[in-house]
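The values are calculated or read from the model by the stated rules, or taken from the named source; none is laboratory data. Note that this is a predicted model, so its numbers are computed, not measured. Heads up, the Cβs are rebuilt from the backbone with ideal geometry, glycines too, and the neighbour counts pull from every protein chain shown. With ligands, DNA and RNA removed, areas are computed over all heavy atoms of the protein, side chains included. Shrake-Rupley method; radii C 1.70, N 1.55, O 1.52, S 1.80 Å.
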Amino acid sequence: MKKPVAHQKTLAKFTGTLLLVGAGKMGSAMLDGWIARGLAPKRIAVIEPQPAKPVKALARRGLKLNPKTPAEAGAIVIAVKPQTAPEAVPPLKPYIGTSTLVLSIMAGRTLSFLQNKLPAGSAIVRAMPNTPAAIGRGITVAVANAKVSARQRKLATDLLAAIGKVEWVTHEGLLDAVTALSGSGPAYSFLLAEAMTKAGIAAGLPADLAARLARETVAGSGELLHRSELDAATLRQNVTSPGGTTAAALEVLMGPGGFDELLTKAIAAATRRSRELAG
Ligand SMILES: NC(=O)c1ccc[n+]([C@@H]2O[C@H](COP(=O)([O-])OP(=O)(O)OC[C@H]3O[C@@H](n4cnc5c(N)ncnc54)[C@H](OP(=O)(O)O)[C@@H]3O)[C@@H](O)[C@H]2O)c1
């Protein structure tokens with residue numbers, strides 16, 4: 001089993017100002033992670049019309065809430081809803097200097113959209129996180145424009161690592177498939193728990209017991225997969241004895257029209273939809 005990794009204070013040496021735009025679910029999760037990684041509240045500024053209590057509490061420890069006078073930021077993290085972008089992004093121009101990194105986690109808002117709304121030559125990273133980010137267990141895929149330096153890329157990695165693992169791609173077009181796999185993926189896992197519950201009920205279990213068994217089985221298996229050195233296929237094989245109960249179920253799930261085929265179709269549909277939404 002992999003050993004749990006303690007948070008490293010990767011952001012303790014950040015010397016500029018980090019501007020967070022939008023402290024909703026994702027923005028707040030990032031904020032928590034940054035503080036846990038050693039970023040001092042006085043290094044952070046937040047633009048948020050309705051700040052939640054934890055953000056107000058950080059303001060009492062030095063975080064600048066809704067600053068009146070824009071000052072050049074070392075990094076700007078944009079975490080507003082994509083539909084808010086046309087009004088939220090242009091006012092950020094005065095915060096951008098020659099070395100500012102702009103990091104957007106808005107779904108579907110492309111690098112070219114951001115480039116058009118920000119000063120020419122801005123260093124921009126577009127990233128796609130997923131919901132387990134709320135508990136620091138997300139996975140984010142990032143893509144940089146040509147202006148992003150190695151130092152800024154490292155900073156983006158450190159900022160995104162606050163909500164989980166980080167992967168980089170070089171082609172922005174891959175983000176549609178990423179959105180379909182890891183962005184929408186948590187819903188597939190929740191659906192698995194729902195479907196297992198229904199199937200358990202159909203097999204004769206009381207509904208509440210079926211729901212608890214399904215929930216803990218999906219959650220526990222996910223945790224085992226997370227901690228294990230083994231890949232998913234090996235873990236599956238390790239719980240499947242020839243001719244046994246698991247093998248009987250897998251014959252159905254891995255047969256024609258089974259999991260592989262369904263998920264391939266589902267992820268293709270989500271990839272197409274992501275392309276359509278990006279325009
Ligand atoms: N949640 C996910 O699983 C997930 C996954 C991938 C990507 N994302 C992306 O992450 C971004 C944030 O999602 P979220 O779930 O955290 O949304 P959210 O909870 O709605 O957070 C957005 C926050 O931005 C605030 N806001 C609105 N207008 C603003 C403005 N002009 N300036 C500054 N802040 C403003 C909102 O305040 P009000 O509530 O007052 O409007 C809200 O607190 C989205 O772009 C989404 O596409 C989310």
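Here's the yes/no breakdown for (1) surrounded by 11 or more Cβ atoms within 10 Å (Cβ to Cβ); (2) modelled with pLDDT of 95 or more; (3) closer than 30 Å to PRO82 by Cβ; (4) not small (Gly, Ala, Ser):
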position: GLN237; (1), (2), (3), (4): yes, yes, no, yes
position: THR246; (1), (2), (3), (4): yes, yes, no, yes
position: LEU250; (1), (2), (3), (4): yes, yes, no, yes
position: LEU262; (1), (2), (3), (4): yes, yes, yes, yes
position: ARG272; (1), (2), (3), (4): yes, yes, yes, yes
position: ARG275; (1), (2), (3), (4): yes, no, yes, yes
position: ALA278; (1), (2), (3), (4): yes, no, yes, no
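On the given criteria, is ALA52 out of contact with any strand residue (DSSP E or B) (no Cβ under 8 Å at 6 or more places or on another chain) and open to solvent by 30 Å² or more (accessible area, probe 1.4 Å)? In short, yes. For segment 22-43, the set of residues classified as open to solvent by less than 10 Å² (accessible area, probe 1.4 Å) and either at positive phi or within 14 Å of the ligand (Cβ to nearest atom) (or both) consists of GLY22, ALA23, GLY27, MET30, LEU31, GLY33, listed by residue number.
Yes/no matrix, rows are residues, columns are (1) within 16 Å of the ligand (Cβ to nearest atom); (2) more than 12 Å from the chain's Cα centre (by Cα); (3) at pLDDT below 95:
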site	(1), (2), (3)
VAL125	yes, yes, no
SER149	no, yes, no
THR179	yes, no, no
GLY185	yes, no, no
ALA211	no, yes, no
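Of the helices (runs of 4 or more DSSP H) contained entirely in segment 181-279, those carrying at least 1 residues that are closer than 21 Å to THR140 by Cα fall at 185-202, 207-227, 232-238, 259-278. Can you find a residue in segment 3-21 that is farther than 24 Å from THR98 by Cβ, within 15 Å of the ligand (Cβ to nearest atom), of a type outside the set (D, E, K, R) and open to solvent by less than 40 Å² (accessible area, probe 1.4 Å)? Checked segment 3-21: no residue is farther than 24 Å from THR98 by Cβ, within 15 Å of the ligand (Cβ to nearest atom), of a type outside the set (D, E, K, R) and open to solvent by less than 40 Å² (accessible area, probe 1.4 Å). Residue under question is SER104, and the condition is that it be on the phi < 0 side of the Ramachandran plot and surrounded by fewer than 23 Cβ atoms within 10 Å (Cβ to Cβ); does it hold? In short, no. Listed by first and then second residue, the pairs with beta-carbon distance under 9 Å, at least 6 apart or on different chains, first residue in segment 144-173 and over 18 Å from THR131 (Cα atoms) and in a helix (DSSP H, G or I), second of a type in the set (S, T, N, Q) and open to solvent by less than 40 Å² (accessible area, probe 1.4 Å), are GLN152/THR100; GLU172/THR110; GLU172/ASN145.
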